[in-house]
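Every read-out reported here was derived from the displayed coordinates using simple, explicitly stated rules and does not represent laboratory data. These figures come from a predicted structure and were not determined experimentally. Cβ placement follows ideal geometry from the backbone for every residue including glycine, while neighbour counts extend to all protein chains displayed.
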Amino acid sequence: MILGTKRNIVIEYKNRTVVGLAETITVLGPKGKKAVTARMDTGATKSSLDTRLAAELKLGPVLKATVINSASGSSLRPVVKATIIICNKEVTGEFTLADRGRMRYRALIGQDILVSNRFLIDPSKQH
């Protein structure tokens, strides 16, 4: 099933929402909302947001800290609860905070969000 306008097409397949490798998401916070491009990352067990984005939107409080293992090593990161809109779907989940200022994407959507919200990744889909 195809939903949406010509610019914002949402495709559903077998009760799953199809997303591309990168999607525009909207992060909602007490101080407003911000649209950013997020990378769908099946190799990441947890989702992550840029610390500056979290500060700008006043996300928080910090719920806990968790150890994240990445290609650049292990680090202890704060975790906040946040709500995002992805492909017209409002999703609330836990996000680790990391300095993503030098990275292409200010948000990573990991397995925690992808699986629990029934997203299916199609690498050929453009955002």
Q: Please label the shape of the stretch 67-127 as rounded, prolate or oblate, based on the square roots a ≥ b ≥ c of the eigenvalues of the alpha-carbon gyration tensor (a/c under 1.5 means rounded; beyond that, a/b larger than b/c means prolate, else oblate).
A: prolate
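If R₀ is 22 angstrom, what is the calculated FRET efficiency for the pair Thr26 and Ser70, using the beta carbon separation as r and rounding to 0.05?
0.30
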**Q.** Fraction of antiparallel bridges per DSSP, the chain only, in percent to nearest 5
**A.** 80 percent
**Q.** 3J(HN,Hα) from dihedral phi, the stretch 32-44, Karplus parametrisation 6.51/-1.76/1.60, rounded to Hz, x for glycine, proline
**A.** x, 9, 8, 8, 9, 8, 10, 9, 7, 10, 5, x, 9
Q: Find, among the trypsin sites (Lys or Arg not before Pro) in the stretch 62-127, those assigned to loop by DSSP (not H, G, I, E, B) with at most 14 other beta-carbon atoms within 10 angstrom.
A: Arg102, Arg104, Arg118
Q: Jot down the per residue volume, in cubic angstrom and as a whole number, of the convex hull over the alpha-carbon atoms of the chain.
A: 105 Å³
Q | Under-5 Å amide H pairs with Ile121, H placed in peptide plane, nonlocal only | A | Val19
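What does the helix-only formula give at 222 nm for the chain: each DSSP H stretch with n ≥ 4 adding -39500 (n - 2.57), the total divided by the residues, and the result rounded to the nearest 500 deg cm²/dmol?
-2000 deg cm²/dmol
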Q. Karplus couplings for the stretch 17-27 from phi (6.51 cos²θ - 1.76 cosθ + 1.60, θ = phi - 60°), rounded to Hz, Gly and Pro as x?
A. 8, 8, 10, x, 5, 9, 9, 7, 10, 10, 9
(Q) To make sure I understand, if each residue's beta carbon is the centre and we count other beta carbons within 10 Å, what order do Ser116, Ser75 fall in, fewest to most? (A) Ser116, Ser75
Q: Give the total of Lys-Lys pairs in the stretch 49-127 with Cα-Cα distances below 23 Å; include a pair only if its members are 8 or more places apart or on different chains.
A: 5
